[in-house]
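A.B. asks: First the structure, then my questions, so here it is.
The values are calculated or read from the model by the stated rules, or taken from the named source; none is laboratory data. Bear in mind the structure is a predicted one, so any value in this text is a computation, not a measurement. Cβ placement follows ideal geometry from the backbone for every residue including glycine, while neighbour counts extend to all protein chains displayed.
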Amino acid sequence: MTDIQKLLSAREERDSIKKQLLELGTILISLNLNIPGIPKSNQLLTSFFIIVRDQLKNWLLANRIFIDDSKEINTNHAAGDYYIVPIKNKDFSSVQVKQITEQFEESHPLCRFIDVDVVGESGENISSGKSKICFFCREHPAIECRRAERHTIFEIRKYQEEKIAEYLEKNRLDEICRKVANMASQAIYYEISLTPKPGLVDKDSSGVHTDMDYRTFIDSTVIISSYFGELVNAGYHCKTDNLPNALPLIRQIGLQMEKEMFEHTNGVNTQKGLIFLMGVSLFASGFILKKNNSFNQTIFRETVLKICENMVQVELQNANDVVKSHGEQCFNQFKVAGIRWEAENGFPSVFEHALPIILDKNSTDGNSLILTLLSIMSQLDDTNVLYRSNSNTLNLLKEKCKMVLDNYSFDKYREILEFCKAEKISPGGSADLLSITVFIYLMIKNFP
């Protein structure tokens, strides 16, 4: 059978499907793509078609047009991708349905590649009566260009597939940014809501803090999370050669996040360290997902290492300016680099200690997060603890956490809570890395 014969046969099959559905006595809505030449379908076109089909279904539902899912038909053959479905409504005329589907077509970025047809209860095709402009030259009616053969099928197909490829790429990027940003927010809210926590703000207590509470962290997270998609997007568009120079870009976004955080917390530093850690993590995730559909832990760590290379030396060891942050003061006094050291070394506390626990538990419930937090506290030279105490207190806390981990019970965990309360210490760096651990766990689960 020749390609033309296959095309004609496929069109006859479509007509047969339509006739069968018309026996239901309802309005029919169908969707196909305006594809010149042969073949009418390939992987690129089918991917686009599926997205448009789902968009159309959402549009119909948004306009209170209810389709009969049990009788919908999807086909892919020589005539291309095709979708047809009857509607349940009796309160819409076929003309009204056509007007609604026209609004969908006209509002779509690639409207001229889409063809939504409406068939009335009696089998009549409902026409808009509008003359459509050629999507290639945008100068003449499409029907005139076809008859005059103003454009070759090759140049039309090339143009069309380039536009569809661009659309799919943007759609993929939008989905990645949205999905990854949501997981970052989810991870942070899981950490904030974990109750009880040692010396830290949780749902029931402000810990050892007098200037912040649970609502302060909720407010702060809402503010900083609005930038998460931008960080993923920046990583997605970063070239490999530019990766070692990515830190200023991450920090530029992070500084704006800090500014808005302080504005909404009346100057209270709730999440400055987390802004940096999550900023690097989001950027690295976007960079990875540009070329991969799955999240790879090894590539993630390598990416973080490149972004944060020599950070301790550049920002702490060689610093000549006036010391300002708690982390910088701790390095000056104790030679402990805190989260900068963690970032420069690819989050060893996360990957070598915390993540194995949460992966083994395969859960983000309270007990799993407590164990994960303890594993970080047992390893991290937390500058938040050092700033409020000294090296002896930090080392004692780390040893206590190790002992609790070896034979965990909630009563033993309560000893950590009481110790932090008595010493007035708050392991904020560990809490931030708990958020990063949960984020990486969610990335592994959602981008397998």
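A.B. asks: Starting from segment 406-432, keep only residues that are in the same structural domain as Asn390 (by TED's automatic domain parsing) and surrounded by fewer than 20 Cβ atoms within 10 Å (Cβ to Cβ), then list their pairs with residues that are among the basic types (Lys, Arg) and not in a helix (DSSP H, G or I) whose Cβ atoms are within a distance under 9 Å, requiring at least 6 positions of separation or different chains.
C.D. replies: Note: pairs meeting the criteria are Leu417/Lys197.
A.B. asks: Condition test on Ile224, is it closer than 21 Å to Arg340 by Cβ and either over 21 Å from the mean Cα position of the chain (by Cα) or surrounded by 15 or more Cβ atoms within 10 Å (Cβ to Cβ) (or both)?
C.D. replies: yes
A.B. asks: Would segment 351-366 turn up any residue that is out of contact with any helix residue (DSSP H, G or I) (no Cβ under 7 Å at 6 or more places or on another chain) and under 23 Å from Lys306 (Cα atoms)?
C.D. replies: Yes, there is a match, as at least one residue in segment 351-366 is out of contact with any helix residue (DSSP H, G or I) (no Cβ under 7 Å at 6 or more places or on another chain) and under 23 Å from Lys306 (Cα atoms).
A.B. asks: While we're on this one: Looking at (1) at pLDDT 95 or above; (2) over 21 Å from the mean Cα position of the chain (by Cα); (3) part of a helix (DSSP H, G or I), which one does Thr270 not meet, given that it meets all the others?
C.D. replies: Evaluating Thr270 over (1) at pLDDT 95 or above; (2) over 21 Å from the mean Cα position of the chain (by Cα); (3) part of a helix (DSSP H, G or I) leaves (3) as the failure.
A.B. asks: Please state which one of Leu24, Leu28, Leu60 is among the hydrophobic types (A, V, I, L, M, F, W, C), modelled with pLDDT under 95 and either farther than 28 Å from Arg157 by Cβ or not assigned by TED's automatic domain parsing to the domain that holds Arg112 (or both).
C.D. replies: Step by step, each of Leu24, Leu28, Leu60 is checked, and only Leu24 is among the hydrophobic types (A, V, I, L, M, F, W, C), modelled with pLDDT under 95 and either farther than 28 Å from Arg157 by Cβ or not assigned by TED's automatic domain parsing to the domain that holds Arg112 (or both).
A.B. asks: Every residue in segment 366-395 that is surrounded by 20 or more Cβ atoms within 10 Å (Cβ to Cβ), of a type in the set (A, V, I, L, M) and in a helix (DSSP H, G or I), please.
C.D. replies: Leu369, Ile370, Leu373, Leu374, Ile376, Met377, Val385, Leu386, Leu394
A.B. asks: Then there is this: So, in segment 141-185, exactly how many residues are under 32 Å from the mean Cα position of the chain (by Cα) and among the small types (Gly, Ala, Ser)?
C.D. replies: Looking only at that region, the number is 4.
A.B. asks: What is the number of the single condition among (1) under 21 Å from the mean Cα position of the chain (by Cα); (2) charged (D, E, K, R); (3) surrounded by 15 or more Cβ atoms within 10 Å (Cβ to Cβ) that Lys291 does not meet?
C.D. replies: Result: Lys291 fails condition (3) only.
A.B. asks: Identify the residue in segment 4-46 that is among the hydrophobic types (A, V, I, L, M, F, W, C) and assigned to a loop (DSSP other than H, G, I, E, B) and, among all such residues, is nearest to the chain's Cα centre (by Cα).
C.D. replies: Selected residue: Ile35.
A.B. asks: Here is a further query. List pairs: first residue in segment 279-294 and more than 25 Å from Ile223 (Cα to Cα), second residue crowded, with 22+ Cβ neighbours inside 10 Å and of a type in the set (S, T, N, Q) anywhere in the structure, Cβ distance under 7 angstrom, at least six positions apart or on different chains.
C.D. replies: Between residues of segment 279-294 that are more than 25 Å from Ile223 (Cα to Cα) and residues that are crowded, with 22+ Cβ neighbours inside 10 Å and of a type in the set (S, T, N, Q), the close pairs are Ile288/Thr303.
A.B. asks: Test each condition in (1) surrounded by fewer than 17 Cβ atoms within 10 Å (Cβ to Cβ); (2) of a type in the set (Asp, Glu); (3) in contact (Cβ under 8 Å) with a residue 60 or more places away in the chain for Glu191 and report the one that comes out false.
C.D. replies: (1)
A.B. asks: Counting only residues that are surrounded by 15 or more Cβ atoms within 10 Å (Cβ to Cβ) and not aliphatic (A, V, I, L, M), which one in segment 56-67 is farthest from Glu166 (Cα to Cα)?
C.D. replies: So, considering only residues that are surrounded by 15 or more Cβ atoms within 10 Å (Cβ to Cβ) and not aliphatic (A, V, I, L, M), the one farthest from Glu166 (Cα to Cα) is Asn63.
A.B. asks: Let me ask something else about it. Output the residue which, of all residues in segment 64-105 that are in a loop (DSSP other than H, G, I, E, B) and of a type in the set (Gly, Ala, Ser), is farthest from Leu7 (Cα to Cα).
C.D. replies: Ser93
A.B. asks: State yes or no: is Ala354 closer than 18 Å to Val280 by Cβ, in contact with a Cys (Cβ under 7 Å, 6 or more places away or on another chain) and in a helix (DSSP H, G or I)?
C.D. replies: no
A.B. asks: Can you name the residue in segment 409-433 that is in contact with a helix residue (DSSP H, G or I) (Cβ under 7 Å, 6 or more places away or on another chain) and in a loop (DSSP other than H, G, I, E, B) and is also nearest to Gly346 (Cα to Cα) among such residues?
C.D. replies: Pro427
A.B. asks: Still on this structure, please answer the following. When only residues in segment 92-139 that are of a type in the set (A, V, I, L, M, F, W, C) and more than 35 Å from the chain's Cα centre (by Cα) count, which is nearest to Gly37 (Cα to Cα)?
C.D. replies: Looking at residues that are of a type in the set (A, V, I, L, M, F, W, C) and more than 35 Å from the chain's Cα centre (by Cα), I get Cys134.
A.B. asks: Given the conditions (1) among the hydrophobic types (A, V, I, L, M, F, W, C); (2) over 18 Å from Ala284 (Cα atoms); (3) touching an Asp or Glu at 6+ places or on another chain (Cβ under 7 Å), report the number of the one that Ile253 does not fulfil.
C.D. replies: So Ile253 meets the others, but not (2).
A.B. asks: Among the residues of segment 106-148, write down those that are touching a Ser or Thr at 6+ places or on another chain (Cβ under 8 Å), touching a residue at least 40 places away in the same chain (Cβ under 8 Å) and not in a strand (DSSP E or B).
C.D. replies: Gly120, Glu121
A.B. asks: Further, regarding this structure: Looking at (1) surrounded by 12 or more Cβ atoms within 10 Å (Cβ to Cβ); (2) under 28 Å from Val201 (Cα atoms), which is the one condition that is false for Ala234?
C.D. replies: Every listed condition holds for Ala234 apart from (2).
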